[in-house]
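Remarks on the structure that follows.
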Amino acid sequence: MLVYQDLLTGDELLSDSFPYKEIENCMLWEVQGKWVVHGAINVDIGANPSAEGGHEDEGVDDQSVKVVDIVDTFRLQEQPSFNKKEFVTFMKRYIKNLTPKLEHEKQELFKKHIENATKFLLSKLNDLQFFVGESMHDDGATVFAYYKEGATDPTFLYFAYGLKEIKC
Ligand SMILES: *[C@@H]1O[C@H](CO)[C@@H](O)[C@H](O)[C@H]1NC(C)=O
């Protein structure tokens, strides 16, 4: 199994259980998230709702929680939205922190293409949700999520070069 950590903080952000698609000249990874229900185990064991068990069933339902699989699995922490100015400030700092950590070839590609990828994100800014890794470290990557038109499940966007692949 492969796990993808935030190159700057070591937080686990993704694994190969979630297929990704490279977009924006491989600057971003697009990953499909999914709403899943937790805690709803054994709801459907044949208990008749009209029988005595009915009350207990409600108890089970109360404990079930809807979560987004990626957020839940990697304990991503949602942050307040960025406005345009905050987003640009974040990007400048992130690029400054990440660039020196990349190999030479990747540095060149990053410098060449990250601007257009930033524009792509800016064009979606009002629709984006913002997440950081579990440590909530200031210098870490931001993971974005949004709903494509008509979608009921969120699509996530990762900075491809900000991820470190770990075999485990
Ligand atoms: C950035 O996007 C513009 C407009 O789509 C395009 O003309 C330009 O070639 C792109 N730049 C790079 C480095 O890909």
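The values are calculated or read from the model by the stated rules, or taken from the named source; none is laboratory data. This is a predicted model, so every value here is computed, not measured. When we count neighbours, we look across all protein chains shown, and the Cβ atoms used for this are built from the backbone with ideal geometry, even at glycine. Only protein heavy atoms, including side chains, enter the accessible area calculation; ligands, DNA and RNA are left aside. Shrake-Rupley method; radii C 1.70, N 1.55, O 1.52, S 1.80 Å.
For this structure, a couple of remarks:
- Here the condition is being open to solvent by less than 90 Å² (accessible area, probe 1.4 Å), away from the ligand (no atom under 16 Å from the Cβ), within 24 Å of Pro19 (Cα to Cα) and modelled with pLDDT of 95 or more; of Phe110, Phe130, Phe120, Phe87, it holds for Phe130 alone.
- Residue in segment 15-23 that is outside any helix (DSSP H, G or I), within 16 Å of the ligand (Cβ to nearest atom) and at pLDDT 95 or above present: yes
- The listed residues are Tyr161, Tyr146, Tyr94, and the only one of them that is in contact (Cβ under 8 Å) with a residue 12 or more places away in the chain and within 16 Å of the ligand (Cβ to nearest atom) turns out to be Tyr161.
- Residue within segment 140-156 that is acidic (Asp, Glu) and under 23 Å from Lys21 (Cβ atoms) present: yes
- Flag if Thr142 is out of contact with any Leu (no Cβ under 7 Å at 6 or more places or on another chain), open to solvent by 80 Å² or more (accessible area, probe 1.4 Å) and more than 17 Å from Asn25 (Cα to Cα): no
- Conditions (1) among the acidic types (Asp, Glu); (2) open to solvent by 90 Å² or more (accessible area, probe 1.4 Å); (3) in contact (Cβ under 8 Å) with a residue 60 or more places away in the chain; number of the one not met by Asp153: (2)
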